[in-house]
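Taken together, the values in this text are just the output of simple stated rules run on the coordinates, not laboratory data. Because the structure is predicted, anything quoted here is derived from the model rather than measured. Note that each Cβ is placed from the backbone with ideal geometry, even for glycine, and that neighbours are counted across all protein chains shown.
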């Protein structure tokens, strides 16, 4: 069976590459394309499809990132969605998967993963690309299990992480909250450990890309 797929990415070369990979393996026919969040929602509203393949971050008018995925899920709850992305952040991967997407692939991966993901998604499964599995520390062949997202942190851990990402130092946060320096440091470390964030740069990227 050849499935009907909508593809969204702000780079025309990526759109062509996905279309070529799907047609080469006779997996799916691309029935609609979009290069912006607003364009994607319009195509989804006017075109019937069996699955969606979308970039995570597309500049242009309309919602982006997690907000866009939430909107797609609200409007098309049964639609299998695959996300392709240049991101390499385990906490953001967990947030993306928590929206209910059925496939997650890094753009640096093998294009054959896209075809494999379409097959798995439309059979009711969840497909994670090799580099995504590595980032989430999932063994080859192991099933996906939910990882922590921001909602799984304690209120104090969330506050510390947001303050830190906004530019405050641990010392600044200690003074602003009236908590001991070691307590704030422990809360920051605990939040990073739960989210599988290894560096401060990972924290900045993660908080910056969360829902507005």
Subject >> Cut-off 15 Å, label 7 Å out along Cα→Cβ of residue 201, residues of region 80-121 by amide N >> reply: 87-90
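Would you calculate a helix-derived [θ] at 222 nm for the chain, using -39,500 (n - 2.57) for each DSSP H run of n ≥ 4 and dividing by the full residue count, to the nearest 500?
Details: 10 runs with 103 residues, N = 212.
Only helices count here, giving -14500 deg cm²/dmol.
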Original post:
What is the distance, in nm, between label points placed 7 Å from the Cα along the Cα-to-Cβ direction at residue 57 and at residue 130?
Top reply: 2.5
**OP:** Report the FRET efficiency, 1/(1 + (r/R0)^6), for residue 210 and residue 46, where r is their Cβ-Cβ distance and R0 is 30 Å, rounded to 0.05.
**Re:** 0.50
Original post:
Gain in length, residue 16 to residue 177, computed as 0.36 nm per residue apart minus the alpha-carbon separation, to one decimal in nm?
Top reply: 52.8 nm
Subject >> Distance from region 84-131 to region 152-200 (C-alpha centre basis), Å >> reply: 30
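Which order do the peptides 65-76, 26-37 take when ranked by the mean count of other beta-carbon atoms within 10 Å per residue, highest first? Don't skip to the end; give the middle numbers.
Working: 65-76: 17.2, 26-37: 19.0.
Going by the mean number of other Cβ atoms within 10 Å, highest first, we get 26-37, 65-76.
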Original post:
Using Cα pairs under 8 angstrom and six or more residues apart, how large is the relative contact order of the chain, in percent?
Top reply: 17
Original post:
Over all Cα pairs of region 54-103, how is the pair count split among 5 Å bins, expressed in % and running from 0 up to the last occupied bin?
Top reply: 5, 21, 35, 25, 12, 2
Subject >> Cα-Cα P(r), the chain, percent of pairs per 10 Å interval >> reply: 8, 33, 31, 17, 8, 2, 0
Original post:
Stretch residue 73-residue 31 to full length: gain in nm at 0.36 nm per residue minus the Cα-Cα span?
Top reply: 13.2 nm
Original post:
region 150-208: D in µm²/s via Stokes-Einstein (Kirkwood Rh, Cα pairs, 25 °C, 0.890 mPa s)?
Top reply: 220
